[in-house]
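Notes for the one structure printed next.
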Amino acid sequence: MVVNNVLKVFLISLVFWFSAAASAQEAEIVASVDKNPIIQSEPFTLTVTINDDISESAWDAEQQLRDFRILNVRSSRRTSVINGVTTRTTSFIVNLQAPATPGIVRIPPIQIGSARSNAIELTILDAAASVDELEQRPAFIRTSLESKRVYVQQQFKLVSRLYLSANLHSGNLIAPNLPEAEVVQFGKDEESYEIINGKRYQVFQRTYLITPQRSGDLKLEGPVFEGQITRDSSRSVFSSIATTQPVSAVAVPTSITVLPRPADWTGHWLPSELVSVSVERANPEQPIEVGQPITLTYRVTAIGVSTEQLPTLTLDDFDGASVYPESPEFASTTRNGRVIAQRSQTVAVIPRQAGKFTIPEVQVEWFNTRLGQAQLSSSEPITLEVSPSSQAAAPAPVADKPANENDVVVDEPTQQTKAQYQSNNTLYFYLAVIFAALWVITLSLWAWWWLRRSAKPVAINDNKEQNTAAASWSHLQKVALENDANATDLALRKWAREKFQLPMFDLFELAQHFNHQPLSSQIDHIQRCRFSGAGATWLEGKALIRALKAAQKQRKSTKSKKDTLSPLYPS
């Protein structure tokens, strides 16, 4: 019995001794990379494994790998028990990007606590001279440029094709990079399959539009891919369970030359392959009268530019007519793989005198990137015949005067007339009594309304002011469309006082309030017609209402933009 107890104590001590020996085992670190040699700027994976369970904060990757660009870092832990022996490991998986300069680089020993790993020497290959080596990888990228010689702000395309030797599980394609350039994706991705040297590849194609913003000899960094592909697991017992393999690829950098705009160029810079300007008149068959608006729509269309690059179309006032532009509209589409941008500008031309007159052409100067020279595109001039207005005010009727102004004709009342007067007096008496009663009732209702009004909130006054302003606006529209200059002047002052609380000693106060050029021109014209000694007829009431609506719309839009802007120095 004693011998058995001693044996148990010995065995327990032996177990504790082995456990202590295992715990006293020194930590070991192993570092490895997934590829070597590596193409310049190519992503690769560094795996650091330590035979201990440690936290992520135990190793600072950025501190020890400062000579490399770290794309991301992740960690994993593993615990296994074999023949009663428990082992724990922690792995750090670091995605790095190889240096851009070919040669030999060294990953220094990784240190975690007191343990240190082995150092790794990497061979960085020149990308241009190692295309064959690059295309032996499970994933590689080929790119093609539309042109390697472009002008500043000229749009060109880069087509990127990603080749995968296995099915894609997940991934991310990072856009190409060019200093001081706008890079956007064009269209949707395309997927296909291709066989190269007897090997089948899954191909993903993506197109980018690149617009350089500065000139010079620049280096275009190609797209970068990071993802996972499905491994071949046919030999596994659990072949139905998908297994993945991390892969990465980078396109070969490309040198391009961005030419500056010509030294003698002045005005708006518009580099394009083709630019056209057209004009379209609404209701071309309709006869034209003085004061009647002529609606024209000008369109400038350009290939290979964005809508923001299109110039402003301007048509200034000319002899015998006024011009009032509306807000422009923009559109963009694609045709035969090309980007087509269009700017539409609608203007109202109002003739002020009868006869034949010509609306001049609108010109746009642009730079032809194919020919390398400036060109001019213009719309067609429009010649019109304007007839006098049929709405001209007729002279006021003059009352007939007697033959002698000093003679006064008085008719003597007859007996029948006197009797009629007496009957009317009786009727007037009864009507006076009825009106007096109604007056008393009205006073009572008014007193009751006044008491209720004083008890209501101030918001009722606001509603009343809004209703009053709406009524003034309706009256203003009515007299303006009748081309009554004097009545329009009075109605315009009344509406401005009620709507905006302006003093309105002068109509130009309203022009300064809106700061809208078409409205200012209309106010100036109505003032000239009213006070001109030549007695000019005002026929632009419709144009005035149109300018007022446009001015209110512009003011509302400007105020909305100001309200949505964030403060420059937020607290």
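Coordinate-derived values only; no laboratory data. In this text, all values refer to a predicted model and were calculated from it rather than measured experimentally. Cβ: placed from backbone, ideal geometry, glycine included. Neighbour counts: every protein chain shown.
Cross-link partners of K549 among aspartates and glutamates, defined as those whose alpha carbon lies under 12 angstrom from its own and excluding same-chain residues fewer than eight positions apart: E326. Pairs exceeding a 27 Å alpha-carbon distance, out of K478/K553; K157/K219; K494/K553; K499/K559; K356/K494: K356/K494.
Taking amide H positions as modeled 1.01 Å from N, with prolines and chain starts lacking one, the residues under 5 Å from V305 and 5 or more places away or on another chain are A341. Magnitude of the charge dipole for the range 26-128, about its Cα centre and with charges confined to Cβ atoms of Lys, Arg (+1) and Asp, Glu (-1), is about 140 debye.
Close amide H partners of L502, meaning residues 5 or more places away or on another chain with modelled amide H under 5 Å apart, are R497. Equivalent ellipsoid of the range 269-359: semi-axes from √(5λ) of the C-alpha gyration tensor, largest first, are 31, 13, 10 Å.
Here each label is just a point 7 Å from Cα along the line to Cβ, and for F330 and K559 those points are 2.6 nm apart.
Using the average count of surrounding beta-carbon atoms within 10 Å as a protection proxy, the listed peptides 283-291, 176-184 rank, highest first, as 176-184, 283-291. With q set to 0.12 Å⁻¹, the log10 of I(q)/I(0) for the range 465-557, from the Debye formula over equal scatterers at the Cα positions, is -0.33.
Both the radius of gyration and Dmax for the range 135-260 are 17.2, 64 Å, in that order, over alpha-carbon atoms.
Using a Cα-Cα cut-off of under 20 Å, which aspartates and glutamates could be cross-linked to K35, ignoring same-chain neighbours fewer than 8 residues away? K35 reaches D67, E121, D126, D132, E133, E135, E226, D232.
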